[in-house]
Structures are given as C-alpha cells and as structure tokens.
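Student: Just passing along the structure, written as structure tokens.
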Amino acid sequence: MVFNTDGSLNIVVECKAPKVNISQATFDQIARYNRTLKATYMMLTNGLNHYFCTMNHDLESYQFLEALPNYNTNSI
C-alpha cells in the first residue's frame with residue numbers, strides 16, 4: 001500500500017508469482033479488496049506484466065490506465 005501525505009490510501013498493489021497468469025479473476029480479487037480499502041489506484045503485477053487501474057468507488061468499477069500518475073513528493 002502507498003499512502004498520501006495526509007494518511008489516506010493512494011495505491012494498493014497486488015503482487016503475484018511470475019507463473020501466475022493475470023486474468024479477470026485476478027482483477028476481480030484486487031477490486032474486492034479495494035472495496036474495503038478505498039484506494040484511488042490499483043496495481044497488479046506478476047513481475048512480468050504490470051497493470052494499472054483507477055477505481056470508481058461509487059460505481060464499483062475500475063478503468064485501466066497506461067501507467068500510474070506521477071507521485072509528487074515535493075509537497076512533503
């Protein structure tokens with residue numbers, strides 16, 4: 001998990017073994033975790049393939065992203 005400077009959860013990351021295929025079930029799993037966690041972003045990786053999503057908590061849906069947005073540490 002990656003937190004914002006105010007303590008809110010920004011990113012939840014799920015890491016799978018390289019032999020684990022990333023499938024719809026894998027995305028559904030991290031989305032279920034995130035229903036409770038309420039992170040803005042999710043990252044899923046098996047070390048070979050990396051996927052990034054943003055979560056719409058109101059609609060309980062996620063949208064794929066090319067990459068995670070830059071995280072500005074200068075405001076700390």
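What follows is calculated from the coordinates using simple rules that are stated; it is not laboratory data. Keep in mind that this is a model prediction, so the values were computed, not measured.
Student: How large is ³J(HN,Hα), in whole Hz, for each residue of the stretch 3-12 in order, when computed from phi with the Karplus curve 6.51 cos²θ - 1.76 cosθ + 1.60 and θ = phi - 60°, using x for Gly and Pro?
Tutor: Result, ordered by residue: 9, 6, 5, 8, x, 6, 7, 9, 9, 10 Hz.
Student: Sticking with this structure for a sec: Suppose only helical runs count, i.e. DSSP H with n ≥ 4. What mean residue ellipticity at 222 nm does that imply for the chain under -39500 (n - 2.57) per run, divided by all residues and rounded to the nearest 500 deg cm²/dmol?
Tutor: When only DSSP H runs of four or more count, the value is -6000 deg cm²/dmol.
Student: How fast does the chain diffuse by Stokes-Einstein, in µm²/s, taking the Kirkwood radius from C-alpha pairs at 20 °C and 1.002 mPa s?
Tutor: Rounded to a whole number, D works out at 165 µm²/s.
Student: To continue, here is another question. Below 8 Å between Cα atoms, with a sequence gap of 6+, how large is the relative contact order for the chain in percent?
Tutor: Dividing the mean separation by the residue count of the chain yields 25 percent.
Student: How many percent of DSSP beta bridges within the chain run antiparallel, rounded to 5?
Tutor: Counting only bridges with both partners in the chain, antiparallel ones make up about 70 percent.
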